[in-house]
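The values are calculated or read from the model by the stated rules, or taken from the named source; none is laboratory data. Fair warning: this is a prediction, and the values are worked out from it, not measured in the lab. Virtual Cβ from ideal backbone geometry, glycine too; neighbours counted across all protein chains shown. Heads up: the accessible areas ignore ligands, DNA and RNA and are worked out on the full protein's heavy atoms, side chains in. Shrake-Rupley method; radii C 1.70, N 1.55, O 1.52, S 1.80 Å.
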Amino acid sequence: MTGHFYGVGLGPGDPELITLKAARLIGSADVVAYHAGVGKQSNARRIAASLIPPGAVEEELRYPVTTGTTAHPGGYAGAMAEFYESSATRLAAHLAAGRTVVLLAEGDPLFYGSYMYMHDRLSERFPTEVVPGVPAFAAATAAVASPLVRQTDVLTILPGTLPEPELARRLADTDGAIIMKLGRTFPAVRRALTAAGRLEGAFYVERASMEAERWLPVADVDPDSVPYFSLIVVPGDSLRGPGRRAVGSPTAGSGAENMPLGTKRHVDRPPTELVVVGLGPGPDEWVTPEVTAALAEVDHVVGYAPYVNRVPQREGLTRHASGNSVEVDRARFALDLARAGERVAVVSGGDAGVFGMASAVFEAAEDPAYDGVAVRVLPGVSAVQAVAARAGAPIGGDFAVLSLSDRLKPWSLVEKRLRAIAEADLVLAIYNPASRSRTEQVVRAQKILLEHLPADTVVVVGRDIGRAEESLHVTTLAALDATTIDMKCLLLVGSRGTRVSASGRVWTARFAD
């Protein structure tokens, strides 16, 4: 017989917050294991000390390193992996001998805890049960006695070790938040809170539920005094305090009902210019200086969520992200803000004028209600330019651009245009070739093009160009595997003047043969 392995949550520190089940299992364990920091006593053992039976074997799992450097050849990751393997071997020996092993875990075992690494290594070999514990953030929220989230509020739990811009973005885009893992990260976390406009109303809690518990506004904390056992509570209510704007999403219609909470119409302020910008296909270095300067001056950014997420968060900036099929509603929302005197930018990937938000904004702006709002479009690097540059110079001659999406036009029109482009012998850039709900269009397009073009017509498939996972594949029209094409791809179908050089570069002659 083998023993049972239990991951037992102890709660945040107060022994009275240990659950009855956890207390029972600890009191009947053959082996009680716990982690300990370098040169420190185990906090987990301290919490459960009165429950450990006198005859139990105690296994102290002491970390080889917690912060700083290590001489291990594999670095910090290598040292910790070796430690977890060694610890698992020690516990496995007890379990194989039929002993019941309880591994103590501060807070909850599966919430940023070291128990998880033992679970990964032992749960498939031995009967395992996880006993939940009160997480530290629940005790911290109770300490400040401020409602964390209400009704449909979104709660986001963030590690303070995130890059500062990413942390600021996520703080700006949520209602309530908990920030864990402070210590040396506190100065960056505080700057991120400031950039997200969430510093006011954020609470710092130290050693929640323990005798040394204390809490105070984050703005009043001495950065040099922040220990590991601390976190930050950002109540959702703080987003809706006096003078604050709630994170909003565009809704249908136009007018005052579209204004985000806290944004008032300034009857004495004239409408501002609405700026529509292209962020380029991916990397920050492809965002133009003109666009960067414009984004630094606005108070609101409106757009499809992945594009809004690319705009660095800063103090005073409110973000309004929405789905991918509400372009005109999104445009009206931005126009409402500009009409109220707010400084607004609508963002698109690539170039805003190439299957982007620019046309949707002008469509919405035809409403006489927006006659006083000027619209300015700033260019960006388009996806077709990015893919073409990676390939060589396939659009060095005449070319056409077409979207295979039939959401805004009938497929019969797409087919008509495909035939016309092929008969005109133009290089063709195909946007939106496929999606999860549109898998047949690219197959049908390939068949149509093969009716008019040679089978060996050069085709370039660019996927995620400009991002870390980018790929570029050169094939022929007949050999193109349509099943590999998705929404992340852009296709370039060559003309009769398109060549592939000996080095694999694709280019199109400037003059027809």
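Using a simple spin-label model with pseudo-atoms 7 Å out from Cα toward Cβ, Arg191 and Glu315 lie 1.3 nm apart.
Candidates Ile179, Thr100, Ala88 compared by Cα position along the dipole of the stretch 74-193: farthest toward the positive end lies Ile179, with charges placed on Cβ. Given [x] 26.4; [y] 31.5; [z] 23.6 as candidate values of mean projected area of the Cα convex hull in nm², which corresponds to the one derived from the coordinates? Label [y] holds the value from this structure.
DSSP beta bridges confined to the stretch 367-513 are antiparallel in about 70 percent of cases. Charge tally around Val226: other residues with Cβ under 13 Å, Lys/Arg +1 each, Asp/Glu -1 each, net +1. Among the protein heavy atoms of the stretch 277-376, carbon and sulfur supply 51% of the accessible surface, probe 1.4 Å, non-protein parts ignored.
Taking Cα centre as origin and charging only the Cβ of basic (Lys, Arg, +1) and acidic (Asp, Glu, -1) residues, the dipole magnitude of the stretch 450-513 rounds to 280 debye. Compared with the alpha-carbon gap, the fully stretched path from Arg467 to Ser435 is longer by 9.6 nm at 0.36 nm per residue. Pairs of alpha carbons in the stretch 370-499 separated by more than 27 Å make up 19% of all such pairs. Put a plus charge on the Cβ of each Lys and Arg, a minus charge on the Cβ of each Asp and Glu, and nothing anywhere else: the dipole of the stretch 355-513 about its Cα centre is then about 300 debye. Between Val57 and Thr484, the C-beta separation translates, for a Förster distance of 45 Å, into a calculated FRET efficiency of about 0.20.
State to the nearest 20 debye the size of the charge dipole of the chain about its Cα centre, where the only charges are +1 on K and R beta carbons and -1 on D and E beta carbons.
Value, rounded to 20: 300 debye.
Counting only protein heavy atoms and a 1.4 Å probe, the chain has 47 square angstrom of accessible area per residue. Using a probe of 1.4 Å, the accessible surface attributed to Tyr115 totals some 0 Å² when neighbouring protein chains are kept in position. Element breakdown for the stretch 392-513 at a 1.4 angstrom probe: carbon and sulfur atoms account for 53% of the accessible area. For Lys447, the lysines whose Cα comes closer than 25 Å to its Cα, not counting residues fewer than 8 places off in the same chain, are Lys409, Lys416, Lys488. Overall, the anisotropy analysis places the stretch 1-53 in the oblate class: the square-rooted eigenvalues a ≥ b ≥ c of its C-alpha gyration tensor yield a/c not less than 1.5, with a/b not exceeding b/c.
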